[in-house]
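Please read the structure below before turning to the comments.
Please treat every number below as a calculation from the coordinates, not as lab data. What you see is a predicted model, and the numbers here were worked out from it, not measured in a lab. When we count neighbours, we look across all protein chains shown, and the Cβ atoms used for this are built from the backbone with ideal geometry, even at glycine.
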Amino acid sequence: MTDLKGRAAIVTGAASGIGAAIARGFVECGGRVVIADIAEEGGKALAKELGAAALFVRTDVGEQADLENAVTRCVESFGGLGIMVNNAGYAGVFGPIDGLDADGWDQTFRILLKGVFLGCRAAVPALRKAGGGCIINIGSGAGMRAGYGAHAYATAKAAVIHLTSSVALEVAPDNIRVNAISPGFMPTPLATSSLTGTPEEVAGKAKRMRDALIGPQPLKQMGQPQDIANAALFLASEQGKFVTGHNLVVDGGLMAGRAVEMQPAFFFGRRHG
Ligand code: NAD
C-alpha cells in the first residue's frame, strides 16, 4: 500500500468529487490533509469524517491571502507541508465565441488558472523549507484537445498543463516535483450540474451524456474520482519520485484516440489497417 505516513497535504476543492476522493485516499495512506474549499458545509463534513488527520480551512483559490493562510494553517497544525494539490474548479462560462461573456471569461480563469498559479506560489516556499515535496495540478483532457469543454474551461486547462511543466523545471533543483493529472469524464457535481429539468429529463440527459462520452472511449467504463485519487497517490508517494513535469492522463484511453469500433478500418472489417 502507498505510504504517506507523516506527510501533510493541502487539497483545494476537496469538499466534493475528485478533491474529496484525493483527501480520503491521502488519509487512508497515513497522511494528513487540509481541505481547502469555499464550500464550508461539505468541507467541514469531510473533515469530521476524516477526524484528527484532517482540517477544513475556508479558502477561495482566487485569493492569494487565502492560499497563504491554508499553507500557514497546514504548517501550524501538521508540522509542515509536503504535498500541494491544486484541484478546485468549476465548469466556467459557456457559450458561442461571439456572445461569450467577457467577465465570465475572467472569472473562469481566476478560479481555474490563477487559482493554480496562486497555489503553486503559496506552496513553494513551504516545500523548499521542508527540503522538497510535490505539487499536483488537476488539468483535463479538455485542455489537451479541442471539443471536450467550453472555450474558457478548455483554454484555462491547457494553460494549467503548460504551467505545470514550466514550474517543474524551475523548482526541480529544490527537490520539488510538479505534475498534472488530466482526468477524462467523471460523474461529479461539476460535470452533471448543468443537467436540469424534471427528474425524467435529467435522467434522459445524463444517459445521453454518458453514451456520448463513453462511445469514443476505448475503455467502456465510467471513470470515477477514485481513479484520480489513485494517480495522485502514485505521484505524491515514493513510487513517483522520478516523475516531474508530467501530465498523467487518466481517461480510459480517450486522448489516445478513438475506440477501435469507431475507426474507419473497423468498418472495412480490418482492425489494424
Ligand atoms: P466538483 O464540483 O465535485 O468539485 C469542485 C470543488 O471545487 C467543489 O468542492 C467546489 O466548492 C470547489 N471550488 C470551486 N470554486 C472554488 C474556489 N474559488 N476556491 C476553492 N474551492 C472552489 O468537481 P470535480 O469534478 O471534482 O472537479 C475537480 C477538478 O477536476 C476540477 O479542476 C475540474 O476541472 C477537474 N476535472 C473534472 C472532470 C470531470 O469530468 N468531473 C474532468 C476533468 C477535469
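For the chain, the dipole from Cβ point charges (+1 on Lys and Arg, -1 on Asp and Glu) about the Cα centre works out to 780 debye, to the nearest 20.
Computed from the Cβ-Cβ distance with R0 of 25 Å, the FRET efficiency linking Leu100 to Ser193 stands at 0.80. So which of Lys5/Lys48; Lys48/Lys207; Lys48/Lys129 end up more than 25 Å apart, counting from Cα to Cα? Among Lys5/Lys48; Lys48/Lys207; Lys48/Lys129, the Cα-Cα distance tops 25 Å for Lys48/Lys207; Lys48/Lys129. For the chain, the longest principal axis of the alpha carbon atoms and the long axis of helix 225-236 meet at an angle near 50°.
Quick one: Asp211, Asp60, Asp98, fewest Cβ neighbours within 10 Å first, how do they rank?
In increasing order of surrounding Cβ atoms, one gets Asp98, Asp211, Asp60.
Does anyone have the angle between helix 151-171 and the longest principal axis of the chain? Alpha-carbon axes, 0 to 90°, nearest 10? It is inclined by approximately 40 degrees. Starting from the Cα of Lys205, draw a straight line to each of the lysines and keep only those under 30 Å, dropping any in the same chain fewer than 8 residues away. Once the sequence-local lysines are set aside, what remains near Lys205 is Lys157, Lys220. Please report the relative contact order for the chain, taking Cα pairs under 8 Å with a sequence separation of at least 6, and give it as a percent rounded to a whole number. After rounding, I find 18 percent. The angle separating the long axis of helix 115-129 from the principal Cα axis of greatest extent in the chain is about 40 degrees. What is the list of residues in segment 90-125 whose amide nitrogen lies under 14 Å from a point 7 angstrom out from the Cα of Val202, following Cα to Cβ? Residues passing the 14 Å test: none.
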